[in-house]
């Protein structure tokens, strides 16, 4: 009965508790030796493919070359990947995730109440990753790999949305802080407004998040186009004729200019290492 005192020597009954997330993880069965070996082989295949890309300077590779370097037969690779497209898909997802993590880490080192500084950190991190990983950068944001077709609405699309969402979040932070001004080009093209109206949930757009005004969406694309264009020129060696200090200065002024055009506070661009 309610309020009844427990008898001596008898433990009071306790209501059943739900398993915690940690206990559920501990209860999970650890991977078997075979599963660990398979995961290690998959990782070796991916690293070998990346090594070929870096060595050959191209995003195109053959299964037979990977098999030869790993001491396997080409047919044996099909135990791990259905075809070259499946391997490329995993490499693309990995690259998008790594780029997104690098950008997010750089952004989060700057206080939220400094959206201009956070944009500068995002821009510099994006540029640095493209310069340090030219083949992986080309794989996800360069020329399409001949013969490759990404799964429609598959993992590559989701990974791209997560990576690009870093840029969009800066505009929302600036708006919430009351420091997002109107973009210089406030008259967005009508096609942008129609696209946003047709896809108001933005699931078919490359950048996730709440809906934005057409002029803000246009300003975001201006920022990304300027940042990506500079990163491509530098990553592919088209700016090698400029001294490093001058490239840094041009990048700094380009990002400050596009931030001003977009209505963001002027960023301070940290020097490139």
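Key figures
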item	result
Hits in segment 155-184 - residues which are surrounded by fewer than 17 Cβ atoms within 10 Å (Cβ to Cβ) and not in a helix (DSSP H, G or I)	177, 178, 179, 181, 182, 184
Answer from 233, 239 - the residue that is free of Cβ contacts under 8 Å to residues at least 40 places away in the same chain and assigned to a helix (DSSP H, G or I)	233
Qualifying residue in segment 3-22 (condition: more than 17 Å from residue 139 (Cβ to Cβ), at pLDDT below 90 and assigned to a helix (DSSP H, G or I))	yes
Out of 108, 189, sole residue that is in the same structural domain as residue 238 (by TED's automatic domain parsing) and more than 25 Å from residue 94 (Cα to Cα)	189
Those residues of segment 134-154 which are part of a loop (DSSP other than H, G, I, E, B) and closer than 16 Å to residue 88 by Cβ, in sequence order	142, 143, 144, 145, 146, 147, 148, 149, 150, 151, 152, 154
Scan of segment 242-273 for residues that are touching a residue at least 24 places away in the same chain (Cβ under 8 Å) and part of a loop (DSSP other than H, G, I, E, B), ordered by number	263, 264, 265, 266, 267, 268, 269, 270, 272, 273
Candidates 99, 77 - the one that is outside the structural domain of residue 231 (by TED's automatic domain parsing), under 23 Å from residue 155 (Cα atoms) and surrounded by 19 or more Cβ atoms within 10 Å (Cβ to Cβ)	77
Filter result for residue 121 (touching a helix residue (DSSP H, G or I) at 6+ places or on another chain (Cβ under 8 Å), assigned to a helix (DSSP H, G or I) and surrounded by fewer than 20 Cβ atoms within 10 Å (Cβ to Cβ))	no
Of all residues making up segment 59-99, the number that are assigned to a loop (DSSP other than H, G, I, E, B) and in contact (Cβ under 8 Å) with a residue 60 or more places away in the chain	2
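The values are calculated or read from the model by the stated rules, or taken from the named source; none is laboratory data. Bear in mind the structure is a predicted one, so any value in this text is a computation, not a measurement. In this analysis, Cβ positions are derived from the backbone assuming ideal geometry, glycine residues included, and neighbour counts consider all displayed protein chains.
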